[in-house]
Amino acid sequence: LVLIWGTDASGGRRETSISYPDFETWQKEARGFEGMAAFTSRAVILGGEDQPELVPGVQTTTDFFRVLGVEPTGGRTFADGDAAPDANPVAVVSAAASRRLFGGQTDVVGRSIRVNNKLHTIIGVVPSSMHFIPTEQEQVYTLLPRETDRQHGYLGTVARLRPEETVASAQSEMDVIAGRI
């Protein structure tokens, strides 16, 4: 697994966030990876008007759990169809969040939760050991809305190298792609 960041050559900054269109270009053109997913970590408001709480969350593209190799303990993780414009909003929750939100119940797939005041159907539960963001234990995962502004950098990228690929060759490939965009 590797993290892929943008760079700002004019400002001399490394490890900058990227835009959704840049991610899509990387994902489409890069051949050295088995899979690539974009993400951003954000606190989300979980719950309704009665007892809303601010919890760590991650917004991702559909390949996130596949790239990481994380299997759900219940239900499923995101599928490509979940990101369709007309798809109903879905969420994956951690096992700890599922127990806390539903009073210890473990069979929560198909139930609804309110994330940022929008109703989502829980499609899967991942182990509480799933911990991607170093500073906090995320509790809910939702899909990133597609954005078209190439100037709006707010995403990180995680990818899985192909077995025959080296970090150096993947870096060379990404340098060429970045030079084009």
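The values are calculated or read from the model by the stated rules, or taken from the named source; none is laboratory data. This structure is a prediction, so every number in the text was calculated from the model and none was measured. Neighbour counts are summed over all protein chains in view; Cβ atoms, including those assigned to glycine, are modelled from backbone coordinates with ideal geometry. These area figures cover heavy atoms from the full protein model, side chains too; ligands, DNA and RNA do not enter into them. Shrake-Rupley method; radii C 1.70, N 1.55, O 1.52, S 1.80 Å.
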- Item | For residue 107: the one exception among (1) without any contact (Cβ under 8 Å) to a residue 40 or more places away in the chain; (2) farther than 26 Å from residue 36 by Cβ; (3) surrounded by 15 or more Cβ atoms within 10 Å (Cβ to Cβ) | (3)
- Item | Candidates 83, 91, 96, filtered to the one that is over 16 Å from the mean Cα position of the chain (by Cα), surrounded by 14 or more Cβ atoms within 10 Å (Cβ to Cβ) and at negative phi | 96
- Checking residue 75 against (1) closer than 24 Å to residue 170 by Cα; (2) over 15 Å from the mean Cα position of the chain (by Cα); (3) crowded, with 17+ Cβ neighbours inside 10 Å, the condition it does not meet: (1)
- Do you know which residues across the range 146-174 are open to solvent by 70 Å² or more (accessible area, probe 1.4 Å) and modelled with pLDDT under 90? 146, 148, 149, 150, 151, 152
- Pair list, Cβ < 9 Å and 6+ apart or interchain, from the range 78-91 residues that are without any contact (Cβ under 8 Å) to a residue 40 or more places away in the chain and farther than 14 Å from residue 65 by Cα to residues that are acidic (Asp, Glu) and part of a helix (DSSP H, G or I): 88/82
- Of these, 142, 148, which one is touching a helix residue (DSSP H, G or I) at 6+ places or on another chain (Cβ under 8 Å) and either touching a residue at least 12 places away in the same chain (Cβ under 8 Å) or not in a loop (DSSP other than H, G, I, E, B) (or both)? 148
- Across the range 16-62, what is the number of residues that are within 25 Å of residue 121 (Cα to Cα) and of a type in the set (Phe, Trp, Tyr)? 2
- Message: Of everything in the range 9-33, what is open to solvent by less than 90 Å² (accessible area, probe 1.4 Å), touching a strand residue (DSSP E or B) at 6+ places or on another chain (Cβ under 9 Å) and either under 14 Å from residue 174 (Cα atoms) or at pLDDT 95 or above (or both)? Give them in sequence order.
- Response: 18, 22, 23, 24, 26, 27, 30, 32, 33
